[in-house]
1. Among the residues of the range 85-127, which ones are of a type in the set (A, V, I, L, M), over 16 Å from the mean Cα position of the chain (by Cα) and assigned to a loop (DSSP other than H, G, I, E, B)?
2. Which of (1) outside any strand (DSSP E or B); (2) more than 22 Å from the chain's Cα centre (by Cα); (3) not β-branched (Val, Ile, Thr) is the odd one out, the single condition GLY220 does not satisfy?
3. Could you list all residues from the range 196-214 that are in a strand (DSSP E or B), of a type outside the set (A, V, I, L, M), surrounded by 20 or more Cβ atoms within 10 Å (Cβ to Cβ) and modelled with pLDDT under 95?
4. Does LEU213 qualify as being in contact (Cβ under 8 Å) with a residue 24 or more places away in the chain and under 21 Å from ILE60 (Cα atoms)?
5. Name the single residue that is surrounded by the most Cβ atoms within 10 Å (Cβ to Cβ) among those in the range 140-163 being among the charged types (D, E, K, R) and assigned to a loop (DSSP other than H, G, I, E, B).
6. For the structure I just gave you, tell me whether VAL191 is among the aliphatic types (A, V, I, L, M), surrounded by fewer than 19 Cβ atoms within 10 Å (Cβ to Cβ) and in a strand (DSSP E or B).
7. So which of LEU137, LEU93, LEU84 is among the aliphatic types (A, V, I, L, M) and free of Cβ contacts under 8 Å to residues at least 24 places away in the same chain?
8. Can you name the residue in the range 168-188 that is of a type in the set (S, T, N, Q) and assigned to a strand (DSSP E or B) and, of all such residues, is farthest from ALA100 (Cα to Cα)?
Amino acid sequence: MYKLLFSLLITLSLFSTVSGQDKEAKKNKKNKKSLSADPDAKLQSPHDIAFDEKSGLFFISSSGNHGIIKRGRRGGAVFVTKDLAHPRGVTILGSTLYVADSNRVKGFNIKNNDEVFNVEVKGAKALHAITCNGSLLYISDKEVSKVFSVNIKSEEVEVITADVPSPTGVYYDKKSKDILILSSLETEGGVYSYSPKTKKAELKLKVTDFPYLEDITFNGSMSYYLTAWGADHKENVIIKINSALSREPRIIQSSSDGPSGMIYIKRTNELAIASEYANNLNIIKLGY
C-alpha cells in the first residue's frame, strides 16, 4: 500500500515538473520578439554589413536610400535610420552601431535606434570603411587617401596615416593590435599593416589580378577574406589569404553581384556579404 502511494506521488511530481517546463517554454516562445517588416526597407546599393551576435540581426548600410536597414536572416526588415547623407562602413561595439557617413561618424543604439554619437571628421570627404579596437574607431577615406581615428570617449579626431593610396577596407587585428588596410588601385591592389606603436604603414601583400579591393574580414584563426573587383569592374571575387599574409591569394567564389562589405559569422562559419549590384545580402557557408 505504502509502495503504491509512494509510486503515485513520484509520478504526480514528475508530471507537474514536465508540465511546468512546457508552460515555461511556451511562455518564452511567446515573449520572444520577432522583427516586423517595413515594405519600404529595401536594400539599394548596399555597401557594408554588421552583425549582432546576441539578436542574430544584420545591420546593412543602404546608400541608395540614405539609410541603415536592420533585417533578420529569413526576412523582416526595418530602417534604423533613413536620414543619412551617404552611409558606407558600419561596425558594432556593445549596443552601438557606428556608421561612416560622408564626412561624419554617427552612432545608433541597436535596440531603440536612437542616435547616440555624431562626430565630424575634419579633412574627410567620403568616409569608406570602419573598424574598432574598443576605444578608437578607424575609418578610411579613399578620396583623400587617409585613414582617420576617432576616440569614442573624447571624440578627438586624428589622421593616423596618409601613406596608403586609395584606402578602402580596414580591419583591427586583435592579436597583433595592428590595423590592416586595403589599397584599391587600377594597376595593383595591396594589403597594408599599420602599427599604432611605430605609427607606420607597411605593404604586406600585393594583389594584381583583382586590384580593386573593397573589404576585409577574418575568421578568427587562420584566414582573411577579401572582396575584390577586376580592372573592368565586371568580374568580382571573394579572395582567401592566410593569416600571415605570406601566400598568394586564392579565389573561393566568383560572381557579378558586386560584393562590397562583408563580415565573418563565427557561430555558423559563414561570410555575410553586401552585394551592391544585386541589392541583396549574400551568405556563403565556409568549409573547415
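1. From the range 85-127, those of a type in the set (A, V, I, L, M) are 85, 90, 92-93, 97, 99-100, 105, 110, 116, 119, 121, 124, 126-127; that's our starting set.
When the remaining residues are screened for being over 16 Å from the mean Cα position of the chain (by Cα), the result is 85, 116, 119, 121, 124, 126.
Once the filter is applied, which keeps residues that are of a type in the set (A, V, I, L, M), over 16 Å from the mean Cα position of the chain (by Cα) and assigned to a loop (DSSP other than H, G, I, E, B), the range 85-127 yields ALA85, VAL121, ALA124, ALA126.
2. With (1) outside any strand (DSSP E or B); (2) more than 22 Å from the chain's Cα centre (by Cα); (3) not β-branched (Val, Ile, Thr) applied to GLY220, the lone miss is (2).
3. To start, the set of residues in the range 196-214 that are in a strand (DSSP E or B) comprises 200-207, 212-214.
Going one step further and asking which of them are of a type outside the set (A, V, I, L, M), we end up with 200, 202, 204, 206, 212, 214.
Subsequent filtering for residues that are surrounded by 20 or more Cβ atoms within 10 Å (Cβ to Cβ) retains 212, 214.
Within the range 196-214, TYR212 is the sole residue that qualifies.
4. On the way: in contact (Cβ under 8 Å) with a residue 24 or more places away in the chain: yes; under 21 Å from ILE60 (Cα atoms): yes.
Against the criterion (in contact (Cβ under 8 Å) with a residue 24 or more places away in the chain and under 21 Å from ILE60 (Cα atoms)), LEU213 qualifies.
5. Within the range 140-163, the subset among the charged types (D, E, K, R) is 141-143, 146, 153, 155-156, 158, 163.
Narrowing further to those that are assigned to a loop (DSSP other than H, G, I, E, B): 142-143, 153, 155-156, 163.
Values: LYS142: 20, GLU143: 11, LYS153: 7, GLU155: 12, GLU156: 11, ASP163: 17.
The qualifying residue surrounded by the most Cβ atoms within 10 Å (Cβ to Cβ) is LYS142.
6. Numbers: among the aliphatic types (A, V, I, L, M): yes; surrounded by fewer than 19 Cβ atoms within 10 Å (Cβ to Cβ): no; in a strand (DSSP E or B): yes.
Answer is no for this residue.
7. Going through LEU137, LEU93, LEU84 in turn, the sole match is LEU84.
8. Keep residues of the range 168-188 that are of a type in the set (S, T, N, Q), which gives 168, 176, 183-184, 187.
This time we only want the ones that are assigned to a strand (DSSP E or B), so: 168, 183.
Details: THR168: 12, SER183: 18 Å.
The extreme case among them is SER183.
The values are calculated or read from the model by the stated rules, or taken from the named source; none is laboratory data. Predicted, not measured: the structure shown is a model, and the values here were computed from it. So basically every Cβ, Gly included, is an ideal-geometry build from the backbone, and we count neighbours across all protein chains shown.
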